[in-house]
Every structure is written in structure tokens, then in C-alpha cells.
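Q: The structure under discussion is supplied below as C-alpha cells; questions concerning it will follow.
Bear in mind that the values in this text are calculations on the coordinates, not laboratory data. Bear in mind the structure is a predicted one, so any value in this text is a computation, not a measurement. All Cβ positions, even for glycine, are placed from backbone atoms using ideal geometry, and neighbour counts span all protein chains on display.
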């Protein structure tokens, strides 16, 4: 028996919500997600993001699982959440590629991975689409959560992202889906979409797991 398999045998994963023996997010808890049955209209995304898809509200159990992925190093949850997006959302069929909102390299080294990238890669796999790192994060905005003012958030986010110079050809004229874990006002996605539009993308679509109102 291989070492990882032995660990799973000795310490089988449990649902991070209810502690039942399950692969991190049991079916019963998944059924309790507060699904979002409409597409939120966020002013900051108007004219930048053509379509926004959101799985549910940022409340337990969904918020619990997202936090477990981000802060407990339970990276296998990324695949599980990518599967949930594919299972529950009717995403368009005219996509050319998928990317994720990037973390700052320092933050990614600390965490060991970008949670949005894990989710996006699994979703790309399910949709049989290429995943590409189209964006680079230039600085981390520590005080973004300190303000609810839309314009202040945009000011804070200005110049936070730039286009990956090796991926210009993967953007021009393409329909691109951006993946993130949580959306609040939309300032982060608006900044990413602005960069992609300026680089020549045709349509920008976005999908997130949760909306935090």
C-alpha cells in the first residue's frame, strides 16, 4: 500500500461541516447549500463582465468548505468545488479558455496553492477546455475588506493585476471564463476583466462559488 493510501486508510477524510466520514463535503451538507437562483447584477462589472455565474450565498455550509480550502491546507477540496460548479451551473458552450484570479506570489508560497486555480483547473477539466494563467498579481491588497465603498475598492485594486506576457496569444479574440471563490462588490473581477479586455479578449465571463452581500 502506498504511503498516501495508507494515510487515507488510517485517517479517512471527514466532512468539514458535520464531521461525518465523507470526502470533505458530504452529500447531506451539499444539499443544504443556499443556492443562488439568479445572477447578481453588480455595477462594477457592467461593461466588463458579460455574464456572471454564482453557485450560492456565502453562508454555511458553503462558506465553511471554502474556508477549509483556503486556510486548512485541504487542497483536494478544490476539485470537489470545481465539480460542484460543473454540476449545478449551466455555463455557456462557446468558451475558449478558463483562467483564475491569481494570488500574489508571496501569499501563494505561504498557502502552497491558489484556491481559485485549483477550482478553475478542475472545472476546465470537466468542460474539456484549456486552463491558462492569463493574469499575474503584482501586489496584495491587505485593506480591501476594510471598505464597502465601491469606488474606494476600485482605487485600492488599481494596478493589482497585469497580463501574463507569455499568454497574449491566448487572449486575443477569445471568450474567457474567470474563476474566483467569493465575490463581494466585484472589484477584483472588474480589475481582472479590464486587463483582459485591454489585451483584446472578445467576451469575459465569470464564475464564483459564493456571493457575500
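Q: Taking the chain as the reference, fit the longest principal axis to its C-alpha atoms, fit the long axis of helix 187-198 to the helix C-alpha atoms, and give the angle between the two in degrees, 0 to 90, nearest 10.
A: 50 degrees
Q: Mind sorting 35, 161 by how few other Cβ atoms lie within 10 Å of their own Cβ, fewest first?
A: Details: 35 13, 161 22.
With the fewest neighbours first, 35, 161 line up as 35, 161.
Q: Would you compute, from DSSP H runs of 4+ residues alone, the mean residue ellipticity of the chain at 222 nm, taking -39500 (n - 2.57) per run and dividing by the full residue count, rounded to the nearest 500?
A: Values: 8 runs with 74 residues, N = 213.
Here the helix-only value at 222 nm equals -10000 deg cm²/dmol.
Q: Please report 101, 16 as a ranked list, fewest other C-beta atoms within 10 angstrom at the top and most at the bottom.
A: Working: 101 24, 16 21.
Least crowded to most crowded, the residues run 16, 101.
Q: What is the distance, in nm, between label points placed 7 Å from the Cα along the Cα-to-Cβ direction at residue 19 and at residue 126?
A: It works out to 2.9 nm between the two label points.
Q: What does DSSP give for the chain in terms of the percent of beta bridges that are antiparallel, rounded to the nearest 5? Don't skip to the answer; put the middle values down first.
A: Details: 5 of 24 bridges.
Counting only bridges with both partners in the chain, antiparallel ones make up about 20 percent.
Q: State, to one decimal in nm, how far the label point of residue 59 lies from the label point of residue 169, with both points 7 Å from Cα in the Cβ direction.
A: Going by the 7 Å Cα→Cβ label model, 4.9 nm.
Q: For 162, 191, 99, what ranking results if the residue with the fewest other Cβ atoms within 10 Å of its Cβ goes first?
A: Working: 162 13, 191 23, 99 26.
Listing 162, 191, 99 from fewest to most nearby Cβ atoms yields 162, 191, 99.
Q: Follow-up question, since we're still on this one. Write down, largest first, the equivalent ellipsoid semi-axes of the chain in whole Å, where each equals the square root of 5 times an eigenvalue of the alpha-carbon gyration tensor.
A: Values: eigenvalues 163, 72, 63 Å².
With the √(5λ) rule applied to the chain, the semi-axes are 29, 19, 18 Å.
Q: Calculate the spin-label point distance for residue 212 paired with residue 139, positioning each point 7 Å from the Cα along the beta-carbon direction, and give it in nanometres.
A: So the two model labels end up 2.2 nm from each other.
Q: Note down the relative contact order for region 21-89 as a percent, whole number, built from C-alpha pairs under 8 angstrom at least six residues apart.
A: Details: 40 pairs, mean separation 22.2, N = 69.
Answer for region 21-89 is 32 percent.
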